[in-house]
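FYI, it's all coordinate maths here, none of it is from the lab. Values in this document were obtained by computation on a predicted structure and should not be read as measured data. FYI the Cβ positions are ideal-geometry reconstructions off the backbone, even for glycines, and counts take in every protein chain you see.
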Amino acid sequence: MTLIRNYITLLGLLVSLTSFSQTTALRKIDNELTGIFHTMVNADYQLRFDSLAPAFKKQLFVNLVNPITFDNSLDSLTKYVTIKTAADGKIKFYSWDDLGGGTWRHINCIAQFKSDTGKILVQPLNSENEVETGEFTDSEVYEVYEIDIDKKTYYLTFSWGTHGSGHQHQIIQIFTIIEDRLTKCNSCIANSNELVITYPRTEKANLVFNQKTSEISYDEFKIDQHSGFYKPTGQVITLKLVNGKFTTSR
């Protein structure tokens, strides 16, 4: 009996030491990343753009493949980087602004997720070439929902960004984990891989996902050819998930 009691005590001590070690390691990572971010945002533009912004992103990538950053929260960093976690805990989205100056917000977005084999992986979601390509992936993920398509889990995301000129945008994307890759669904949103809502900075898109009815709704905006600005039409667009695709209905 004494031997068993001693074994249990020793086991409890080992668990406590492991937990303490992980907590210490996590705090170190959190403080290091937060420190680099602070240095980056307080530096002059050229230094920030040339070296500090790439250094922060590289260090974030390095640390996010560590399982302790996946299983725990980075409490200090989350004050400066938007971190959104899916309800099933299998994927996190990290978004932050490089503060590159001007009205075009250069927002980075990366995903940290668990592969089918249980490996923790990191994948960028923005191309960093949006100025040249006109893409809208330089946007901050602010909502993530789980949806079921053909008995497989997909992740519906809402993101926000702005390319200046008095406008802002929201982008709807749907992802799923296939083996060691996070893959964007190419036909889940009206036979496309994304949906972009462009509207003035003075307006709201009122983008909403109704989880009970599996419907996405948002206010419609159309370009006014005379002014060059998007204007509200007064209509609400509704997309309903039917047979694995969000299709339009009013």
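Assorted remarks:
- Exposure proxy shown here: for Trp104, Trp160, Trp96, the number of other Cβ atoms within 10 Å sets the order, fewest to most, as Trp104, Trp160, Trp96.
- For the chain, modelled as a GNM whose springs connect Cα atoms under 10 angstrom apart, the maximal fluctuation among Thr133, Thr39, Thr238 occurs at Thr133.
- Averaging 1/r across all pairs of distinct Cα atoms in region 110-198 and inverting the result yields a Kirkwood radius of 13.9 Å.
- Taking label positions 7 Å along the Cα-Cβ direction at both Thr103 and Val208, the computed distance is 3.0 nm, reported to one decimal.
- Computed FRET value (nearest 0.05) for Ser187 with Thr24, which takes r as the C-beta separation and R₀ as 35 Å: 0.15
- Using a Förster distance of 41 Å, the FRET efficiency for Ile68-Lys222 (Cβ separation, nearest 0.05): 0.30
- Ranked Ser214, Ser159, criterion: other C-beta atoms within 10 Å, fewest first: Ser214, Ser159
- Sequence ranges 164-175, 198-209, 218-229, ranked by mean other-Cβ count within 10 angstrom, highest first: 164-175, 198-209, 218-229
- In the chain, the longest principal axis of the Cα atoms and the axis of helix 2-42 are about 40 degrees apart.
- Long pairs among Lys28/Lys114; Lys28/Lys184; Lys90/Lys240; Lys119/Lys184; Lys119/Lys204, criterion Cα-Cα beyond 29 Å: Lys28/Lys184; Lys119/Lys204
- Net charge dipole, region 112-250: roughly 460 debye, given to the nearest 20, about the Cα centre with Cβ charges of +1 for Lys and Arg and -1 for Asp and Glu.
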